[in-house]
Amino acid sequence: KRKYLIAAGAVGVLFLFFMWGPSGFFYRTGTPDYCNSCHVMNSQFESWFMTGLHRNIKCVDCHLPNDNLFSYTVWKGIDGMKDLFMFHSGVYSEDIGISSHGKETVKENCLRCHEGMVSAINTDGRDCWSCHRRVNHRFPSISRAEFR
């Protein structure tokens, strides 16, 4: 029981440090430039920036739950620590993907932001990016055969 209290206290101290510690740290870790600081994110960052779709919003606007501040903060900590650990330990592959929880979060944010447009569409069992392929952070592949 004591170990759990110590662990909870350590997590609480880390939380307070990251929320109110270094000036602007919590905000900076939500910027696209910070997300792109890992080399495995370069192609996703370039695709987001070059396609122009959603270029004026941050990664965390789509990839973290935005239904309430508590959920946002908890998942920012969970996903951020997981990403940092996996990147610095070399576990990430060069071709990164999105988890099932991440897909659910992104879809919920799509539906929340575009509620007026999708209110008449049945989105059950469908991902937004199955039709809107330009928002999946992948440049379309172009083969040489298409230019002949």
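The values are calculated or read from the model by the stated rules, or taken from the named source; none is laboratory data. Please read all numbers here as calculations on a predicted model, not as lab measurements. Positions of Cβ are backbone-derived with ideal geometry, glycine not excepted, and every protein chain shown enters the neighbour counts. SASA here: full protein model, heavy atoms, side chains in, ligands and nucleic acids out. Shrake-Rupley method; radii C 1.70, N 1.55, O 1.52, S 1.80 Å.
At R0 = 30 Å, how high is the FRET efficiency between Leu16 and His101 if r is their beta carbon distance? Nearest 0.05 is fine. That pair, Leu16 with His101, gives E of 0.70.
The modelled label-to-label distance between Cys38 and Val118, using points 7 Å beyond Cα along the C-beta direction, is 2.4 nm.
For Lys3, the lysines whose Cα falls under 27 Å of its own Cα, not counting residues fewer than eight places away in the same chain, are Lys76, Lys82.
Put a plus charge on the Cβ of each Lys and Arg, a minus charge on the Cβ of each Asp and Glu, and nothing anywhere else: the dipole of the chain about its Cα centre is then about 220 debye.
For Leu14, Leu84, Leu64, Leu69, give me the order by solvent-accessible area with a 1.4 Å probe, most accessible first, ignoring ligands, DNA and RNA.
On the way: Leu14 90, Leu84 70, Leu64 10, Leu69 125 Å².
The ranking, largest first, comes out as Leu69, Leu14, Leu84, Leu64.
Calculation over all alpha carbon pairs of the stretch 1-114 in 5 angstrom steps from 0 returns a P(r) of 2, 10, 17, 23, 21, 15, 8, 3, 1, 1, 0 percent.
Which whole-number value in Å² is the accessible area per residue of the chain, probe 1.4 Å?
Details: 11260 Å² over 148 residues.
With the other protein chains kept in place, the chain gives 76 Å² per residue.
The share of accessible area on the chain that comes from carbon and sulfur is 62 percent, using a 1.4 angstrom probe. Across the stretch 1-80, the mean sequence separation of Cα contacts (distance under 8 Å, 6 or more residues apart), normalised by length, yields a relative contact order of 17 percent. Using C-alpha pairs under 8 Å with a sequence gap of at least 6, the mean separation divided by the residue count of the chain gives a relative contact order of 25 percent.
DSSP loop trypsin sites (Lys or Arg not before Pro) in the stretch 1-63 with at most 11 other Cβ atoms within 10 Å of their Cβ, which ones? Write out the running numbers ahead of the final one.
Numbers: sites: Lys1, Arg2, Lys3, Arg28, Arg55, Lys58; in loops: Lys1, Arg55, Lys58.
Sites meeting the loop and neighbour criteria: Lys1, Arg55.
Taking the charge dipole of the chain about its Cα centre, with +1 at Lys and Arg Cβ atoms and -1 at Asp and Glu Cβ atoms, the residue from Val91, Cys110, Gly125 reaching farthest to the positive side is Val91.
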